[in-house]
Each structure stands twice: as structure tokens, then as C-alpha cells.
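Undergrad: Structure incoming, see below.
The values are calculated or read from the model by the stated rules, or taken from the named source; none is laboratory data. Keep in mind the model is a prediction, meaning the values are calculated, not measured. No Cβ is skipped: glycine too gets one built from the backbone with ideal geometry, and neighbour counts run over all protein chains shown.
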Amino acid sequence: MCDGDLMADLVSCIPDHVQEVLRRLEGAGYQAVLVGGCVRDLILGREVQDWDVATDALPERVRALFPRTVPTGIEHGTVTVVTKEGNVEVTTFRVESAYSDYRHPDQVAFTRDLRQDLGRRDFTINAMALDLAGRLHDPFGGRHDLESRRLRAVGDPQARFREDPLRLMRLVRFAAELDFRPEEETMEAARRAAPLLRHISAERIRDELSRILLSERPDFGLQLCLELGLLKVFLPELEEGVGVAQNVHHAYDVWTHALKATAAIPPRLELRLAALLHDVAKPRCLREENGERHFYNHELVGAAMVERILRRLKFDRRTIERVVHLVRHHMALHYQRGMTDAAIRRLINRVGLENMDDLLALRRADREASGVKRGPVSRGTARLLRRVEKVLAEDAAFGLGDLAVDGHDVMRIAGIEPGPEVGHILRRLLEAVLEDPKLNTRPALEDLILEIARERGLPGPVESPR
């Protein structure tokens, strides 16, 4: 990472293959500069993810100058230069016209004016350019805004957001990632433009939301979504929790509790989604009895809501399944007086041994976000975890794959073909083993299969299985 005020110092941080692209363009008589996020991150001393070059060379000239290129967006002036060390996007300076689809410009015109090219960008901190001589091209005051930790739109903020309303989500994402605050004119324009976010595809919103959730300040970013009126566009269910008081176990309303839980859990997307949405159903499940507030079955109602929400936002199936499972079982790690070892084994079977660590992380974040509870887990949860460790040490069966027999054994002994009946018998066997682990032997389970087959009137084996 690079520190220091001199832009020349930053040039030494540019990878050799990127410098070579800049040199070759300059050597052919063209302007060539780094632009956008890479310049911002260089100045901030952050790791650069993508190196973007802008030039006044037309795309055809760029392709002629480098042996390996890909016309990734040539209609908009972008050519990807392929090198052994990595790819570099090279885009011709351009100006753009109206955005009828709220994403793509209706027309693109190439220009030789770097200032015009920088003027079409979203925020001043992304509208800077750096050349190999160490000169910073900063016509809109981006560096000053970096030093002030301020987000400010380039030119007319209302026009910037109309061009591509996804910039509303990008505003929030930069605020959350960099811990910057939008300046008031940009904030006000964002509030007015918030309804335009409805024109943006769920996939693009999902990607920005994911980055907000994985940022250093997800709670700050989500609160900003609420303040700007964005939340009601893409996640109105969550806004229902604003101002909804809970009970003596919580110091915060449902909304604030969700934000604090999200910030408290490790930065994995599935965990942060689960933390954000684990109580999403509480406003709909609120009941008052004798002056006390209850949220019966909010985890079950919430799981169904979360599935609909994540499908609407076009998350992949695996992510949806994982988050829904965590929300459905986020109350599971509560010790109940008199729990038997069989009950512990059923709990592990129900939530899945592979999910225990994530459920514990969610439980800890939930507890920390309560504002009233001390310690990472309650005494009851700690006791439950000790019981889980004890049961695990016994090498018991917790799932169908742990049984001493399989579906082929069931079909052979019960005299049946593949079908739902096989699954039914296997689940009966597992239930028996969860109750009494000593039954998980081949002889004992074969006898139990025969017993179930007779009970259900199945053919059974022609000969005895043993």
C-alpha cells in the first residue's frame, strides 16, 4: 500500500503490466491515464481491485497497438488488453447523451478532452485521473472530497442519478465501504430520485446490496438506504420494523436491532443476510398479552418471507436455502429444562450439524444487538452447547447418511422398488436411532425394517436377510 502526498509516489504502486499499457499508448502519441476507482484507492492507500485506463486513442488504434485484445464493450469505446500478469480495460475518452433506459446512454461520442470524460462520471472521488508523470487530473475537486470524507456528485446530482439510478445504491455503498458521508445537495437529490430505483433490475440492486452488507459499515449503509427512501423500493418488508418496540429483552426497535446484529456478525454474505432478516416477520407477528409484547412463530413466518425476498432480489438458490434455514432456526439454540440426549440429537438432526457454527454466530450477534444482555451467549445456550459436545462425542447418528443401512437395504429387505416408501422407512429408522443410538447397527436396523414392512403390509424379503 502507498502513503504520502506526492502523486509521483503513487506511480510506483502501479503494477508493471499496467504501466506498460500506459507507456505504449503514450509512446504512440496518445494521452493515457488511470481513471476512476483505482486512482481513488491509490490515494486512500486501499488495495486496488481493477486498473482502468482511459485514452484519446480510438478503440481501433488500441487494438492495433497491443497483440492480444478483447472488444469487451467496443461500442462504448472499451477494449480489454490481455497480458500475462492480468487484463487491463482501456476506454476511449467519451461523452454521453440521454439515458432512456436509465442505464445505457442513447448515444456515445468519442472526445479528446479528458475533462469531458471525467465529467460524465458519478462522484467526484471517482472523477480523477493519474498519468505516469505523477500528475493528478482533478477538475471537480475529488481529492479535497477524499480528504473531507465526503461524497459529492459530479455536476448536477439530479442529472447523474437520472442517467443511472443504480448510482443511488453506489452512493450508499461508497458511504458504507469508505465511511464517507454524502454532502447535502447530493443527499437531497438522492431523496428526490429514489423512486427511479424501480427502473433498475433486481440483479444490479442485489449486487450493490451484497457489497453494502460486506462493507466495514453495513449498518451505516442500511440506515442511509432508509433515510434516502431506497429501502421502501427494494426491501419494504424491512422498513416495517422501524419504530416497532420489542420487549424487556430488547433495548431497540426491530429495525435498529437488525442493523446492530448485521454489524456484529462476521462479514460473510449468508450470515449478514440472515442477521439482517432474522426478525423481519416480527411486526407481522406482534401480539400484546397482559401488557407484554410477543412475537410468536416469527422465525417460521420470517423464513417464508425471507425466501420470497431473496427470490425477488434474484439471489442464487444455495444462498436462499442457507439464509432461509438460518432464519427458520435462529431460535433453536435455546436450552429447555429437562432436554434429554434424544432431544439434543433431534435438534442436531433438525438444524444440521454443518449449520451449528453459523447458528451460533447468529445467536451471538442477536444477543449482542439486544442492548440489554451481557456475554456472548446465555447460560442456557452455553449449557445446550455443552450437551451438544457430549452427544457429538458419542459418535451418534444425526442424519440418514449416518445410518448403518441405506436405501438399497430397505428395498431388499422390505421387498419394494425405489419410491417414497423407501424414504419413509429410512426416516422411521433415523427417528429410532435418534431416540436410542445403540440401535444403529446393521442387525438391529434390518430387524426394524422387517417390523416396519410387516406393519405397512409390504412384501418383505423372499428369504431372511440374515
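Undergrad: Give me a count of the residues in the range 380-399 that are crowded, with 16+ Cβ neighbours inside 10 Å and under 28 Å from ILE425 (Cα atoms).
TA: Going residue by residue through the range 380-399, those that are crowded, with 16+ Cβ neighbours inside 10 Å are 381, 384-385, 387-388, 391, 396-398.
When the remaining residues are screened for being under 28 Å from ILE425 (Cα atoms), the result is 388, 391, 396-398.
Final tally of qualifying residues: 5.
Undergrad: Quick check on my filter: what residues within the range 144-184 are touching a residue at least 24 places away in the same chain (Cβ under 8 Å) and polar (S, T, N, Q)?
TA: GLN158 - this is the single residue of the range 144-184 that is touching a residue at least 24 places away in the same chain (Cβ under 8 Å) and polar (S, T, N, Q).
Undergrad: Would you mind stating whether ALA133 is of a type in the set (A, V, I, L, M, F, W, C), over 21 Å from GLU26 (Cα atoms) and either outside the structural domain of SER201 (by TED's automatic domain parsing) or at pLDDT below 95 (or both)?
TA: Numbers: of a type in the set (A, V, I, L, M, F, W, C): yes; over 21 Å from GLU26 (Cα atoms): no; either outside the structural domain of SER201 (by TED's automatic domain parsing) or at pLDDT below 95 (or both): yes.
When the stated conditions are applied, ALA133 does not pass them.
Undergrad: Can I ask one more? Using the structure shown, decide if LEU276 is in the same structural domain as ARG170 (by TED's automatic domain parsing) and touching a residue at least 24 places away in the same chain (Cβ under 8 Å).
TA: No.
Undergrad: Separate question: Go through the residues of the range 348-356 one by one and say whether even a single one is under 30 Å from GLY457 (Cβ atoms) and either touching a Gly at 6+ places or on another chain (Cβ under 8 Å) or crowded, with 16+ Cβ neighbours inside 10 Å (or both).
TA: Yes; the residues of the range 348-356 include at least one that is under 30 Å from GLY457 (Cβ atoms) and either touching a Gly at 6+ places or on another chain (Cβ under 8 Å) or crowded, with 16+ Cβ neighbours inside 10 Å (or both).
Undergrad: Further, regarding this structure: What single numbered condition from (1) within 30 Å of GLU216 (Cβ to Cβ); (2) surrounded by 14 or more Cβ atoms within 10 Å (Cβ to Cβ) fails to hold for GLN49?
TA: All conditions pass for GLN49, except number (2).
Undergrad: Would you check if there is a residue in the range 58-69 being out of contact with any strand residue (DSSP E or B) (no Cβ under 8 Å at 6 or more places or on another chain) and touching a residue at least 40 places away in the same chain (Cβ under 8 Å)? Step through it out loud before you land on a result.
TA: At the first step, the residues of the range 58-69 found to be out of contact with any strand residue (DSSP E or B) (no Cβ under 8 Å at 6 or more places or on another chain) are 60-61, 64-65, 67.
Pick out the ones that are also touching a residue at least 40 places away in the same chain (Cβ under 8 Å) and you get 65.
Within the range 58-69, one or more residues are out of contact with any strand residue (DSSP E or B) (no Cβ under 8 Å at 6 or more places or on another chain) and touching a residue at least 40 places away in the same chain (Cβ under 8 Å).
Undergrad: Can you confirm whether GLY241 is surrounded by 20 or more Cβ atoms within 10 Å (Cβ to Cβ) and either free of Cβ contacts under 8 Å to residues at least 12 places away in the same chain or of a type outside the set (Asp, Glu) (or both)?
TA: Values: surrounded by 20 or more Cβ atoms within 10 Å (Cβ to Cβ): yes; either free of Cβ contacts under 8 Å to residues at least 12 places away in the same chain or of a type outside the set (Asp, Glu) (or both): yes.
Judged against the criteria, GLY241 is a match.
Undergrad: Taking the range 197-210 on its own, how many of its residues are hydroxyl-bearing (Ser, Thr, Tyr) and either closer than 24 Å to ALA159 by Cβ or not assigned by TED's automatic domain parsing to the domain that holds PRO157 (or both)? Lay out the reasoning, then the answer.
TA: Just the residues of the range 197-210 that are hydroxyl-bearing (Ser, Thr, Tyr), to begin with: 201, 210.
This time we only want the ones that are either closer than 24 Å to ALA159 by Cβ or not assigned by TED's automatic domain parsing to the domain that holds PRO157 (or both), so: 201.
Total meeting the criteria: 1.
Undergrad: Also, I was wondering about something else. I want to confirm something. Restricting to the range 329-347 and keeping residues that are farther than 20 Å from LEU400 by Cβ and crowded, with 21+ Cβ neighbours inside 10 Å, which single residue is modelled with the highest pLDDT?
TA: Result: HIS330.
Undergrad: Looking at ALA127, ALA194, ALA189 in this structure, which one is buried (at least 18 other Cβ atoms within 10 Å of the Cβ), in the same structural domain as GLY27 (by TED's automatic domain parsing) and among the hydrophobic types (A, V, I, L, M, F, W, C)? First the steps, then the outcome.
TA: Values: ALA194 fails: in the same structural domain as GLY27 (by TED's automatic domain parsing); ALA189 fails: in the same structural domain as GLY27 (by TED's automatic domain parsing).
Criteria check complete, one pass: ALA127.
Undergrad: Let me ask something additional. For GLU96, only one of the following conditions fails: (1) more than 30 Å from LEU197 (Cα to Cα); (2) over 30 Å from the mean Cα position of the chain (by Cα); (3) in contact (Cβ under 8 Å) with a residue 40 or more places away in the chain. What is its number?
TA: Going through (1) more than 30 Å from LEU197 (Cα to Cα); (2) over 30 Å from the mean Cα position of the chain (by Cα); (3) in contact (Cβ under 8 Å) with a residue 40 or more places away in the chain one by one, GLU96 breaks only (1).
Undergrad: Among the candidates ALA175, ALA193, ALA189, which residue alone is in contact with a helix residue (DSSP H, G or I) (Cβ under 6 Å, 6 or more places away or on another chain), of a type outside the set (S, T, N, Q) and farther than 24 Å from SER100 by Cα? Please lay out each step first, then the result.
TA: Working: ALA193 fails: farther than 24 Å from SER100 by Cα; ALA189 fails: farther than 24 Å from SER100 by Cα.
ALA175 is the lone residue from the list that is in contact with a helix residue (DSSP H, G or I) (Cβ under 6 Å, 6 or more places away or on another chain), of a type outside the set (S, T, N, Q) and farther than 24 Å from SER100 by Cα.
Undergrad: Checking GLN49 against (1) free of Cβ contacts under 8 Å to residues at least 24 places away in the same chain; (2) farther than 22 Å from GLY142 by Cα: exactly one of these is not met. Which one?
TA: The one condition GLN49 does not meet is (2).
Undergrad: Restricting attention to the range 210-254, report how many residues are within 18 Å of ILE200 (Cβ to Cβ), assigned to a loop (DSSP other than H, G, I, E, B) and touching a helix residue (DSSP H, G or I) at 6+ places or on another chain (Cβ under 6 Å).
TA: Going through the range 210-254 one residue at a time, the tally reaches 2.
Undergrad: Which residues, counting only those in the range 1-36, are modelled with pLDDT of 95 or more, within 19 Å of HIS137 (Cβ to Cβ) and outside any loop (DSSP other than H, G, I, E, B)?
TA: VAL18, GLN19, VAL21, LEU22, ARG23, LEU25, GLU26, ALA32, VAL33, LEU34, VAL35
Undergrad: For the range 373-466, which fully contained helices (runs of 4 or more DSSP H) count at least 2 residues that are more than 23 Å from ALA343 (Cβ to Cβ)? So that I can check it myself, show each step before the final result.
TA: On the way: elements: 379-393, 407-414, 420-435, 442-455.
By residue number, 407-414, 420-435, 442-455.
Undergrad: Cβ-Cβ distance below 8 Å, separation of 6 or more or different chains: which pairs start in the range 356-381 with a residue that is under 19 Å from ASN247 (Cα atoms) and end on one that is part of a helix (DSSP H, G or I) and among the hydroxyl-bearing types (Ser, Thr, Tyr)?
TA: If the second residue must be part of a helix (DSSP H, G or I) and among the hydroxyl-bearing types (Ser, Thr, Tyr), the pairs left are ARG363/THR381; ALA365/THR262.
Undergrad: Anything in the range 164-186 that is over 20 Å from the mean Cα position of the chain (by Cα), assigned to a helix (DSSP H, G or I) and surrounded by 19 or more Cβ atoms within 10 Å (Cβ to Cβ)? List them, or say none. Can you show your working first?
TA: First, pick out the residues of the range 164-186 that are over 20 Å from the mean Cα position of the chain (by Cα): 164-165, 180-186.
Now narrow it down to the ones that are assigned to a helix (DSSP H, G or I): 184-186.
THR186, the sole residue that qualifies.
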